[in-house]
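Participant: Okay, here's the structure, questions in a sec.
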Amino acid sequence: MRPEPGQVLHFSEDPTITRFVPHVAVTARETEPYVWAVDHDRSPDYWFPRQCPRAMAWTGPDTTGEDRDRIVGAGCGDRVHAVEYGWLEAIRTARVYAYRLPAAQFRPIGDHAHVAVEPVVPIGPAEPVGDLLALHAEAGIQLRVLPELWRFWAAVTASTLRFSAIRMHNAVARFRDLNRSPRS
C-alpha cells in the first residue's frame, strides 16, 4: 500500500475517520499540533499494528557494502524491518487501513513524515491494507523476527545504514549490557 502521485498516506487501525484534526501526539517530540502522513518511501514503516515496536534499516548513498551484508544480509535486498516474536500474531491478524490524503496540504518534516497544520479530509474512505506480511514480501523488504530488538537496534545505529524505529518503548526490556546474553 503506497500513495499515488499527489497523495500521502495516514495509516490507522480505525476505519471510521472522516476528518483528521491537528493534534500533539503523545509520542511526538514536536509541540505544535499536526496531522501526520507519510510518502511512498516511508509507507512501509507503517505496515504494522500501531503499537508494534519495530526497528528498520535500509541502504543509503553512504552505506558500506560491509554494513549492508552484515545487517541487511548479502543478496537480501536493500531494506530490513525487525520485530519481536511477541508481536508476530498481532502482525498476522491486525486490520490496518490507509487513508489517502491530498499531498498539497502537507509539508515535509525531517526526512520521515509530512505534516499539515489545518484539518484534512481524506480523498476517499479508508482502504484495508491487507496482509502485512505479504506487503513486505511483495515490496522485497526482509522482515526479521527476533527475541528482542535492542541488540539489532544497537548494531543498526552504529552502522552506515539509514534507519528508523517506532514504538521502541513497547519492546521487551532493554538489557543493561548489550554484550551479555539475555540468559546470563
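Participant: For segment 46-87, how many residues are over 23 Å from Tyr99 (Cα atoms) and aromatic (Phe, Trp, Tyr)?
Facilitator: Of the residues in that region, 3 qualify.
Participant: So, in segment 109-129, exactly how many residues are surrounded by fewer than 19 Cβ atoms within 10 Å (Cβ to Cβ), on the phi < 0 side of the Ramachandran plot and either touching a helix residue (DSSP H, G or I) at 6+ places or on another chain (Cβ under 6 Å) or free of Cβ contacts under 8 Å to residues at least 12 places away in the same chain (or both)?
Facilitator: The qualifying residues number 1.
Participant: May I ask you to verify whether Ile91 is part of a helix (DSSP H, G or I), on the phi < 0 side of the Ramachandran plot and over 16 Å from the mean Cα position of the chain (by Cα)?
Facilitator: So Ile91 fails the test.
Participant: Among the residues of segment 1-57, which ones are under 12 Å from the mean Cα position of the chain (by Cα) and among the β-branched types (Val, Ile, Thr)?
Facilitator: Val38
Participant: In contact (Cβ under 8 Å) with a residue 12 or more places away in the chain, assigned to a strand (DSSP E or B), closer than 22 Å to Ser43 by Cα and not hydrophobic (A, V, I, L, M, F, W, C) - does that describe any residue in segment 137-148?
Facilitator: Yes; the residues of segment 137-148 include at least one that is in contact (Cβ under 8 Å) with a residue 12 or more places away in the chain, assigned to a strand (DSSP E or B), closer than 22 Å to Ser43 by Cα and not hydrophobic (A, V, I, L, M, F, W, C).
Participant: Mind listing whichever residues of segment 19-72 are surrounded by fewer than 13 Cβ atoms within 10 Å (Cβ to Cβ) and assigned to a strand (DSSP E or B)?
Facilitator: His23
Participant: Which one is surrounded by the most Cβ atoms within 10 Å (Cβ to Cβ) among residues in segment 73-99 that are of a type in the set (D, E, K, R) and within 28 Å of Glu4 (Cβ to Cβ)?
Facilitator: Arg79
A short reminder: the numbers here are calculations on the coordinates, not readings from a lab. Remember, it's a predicted structure, so these values are computed and weren't measured experimentally. Note that each Cβ is placed from the backbone with ideal geometry, even for glycine, and that neighbours are counted across all protein chains shown.
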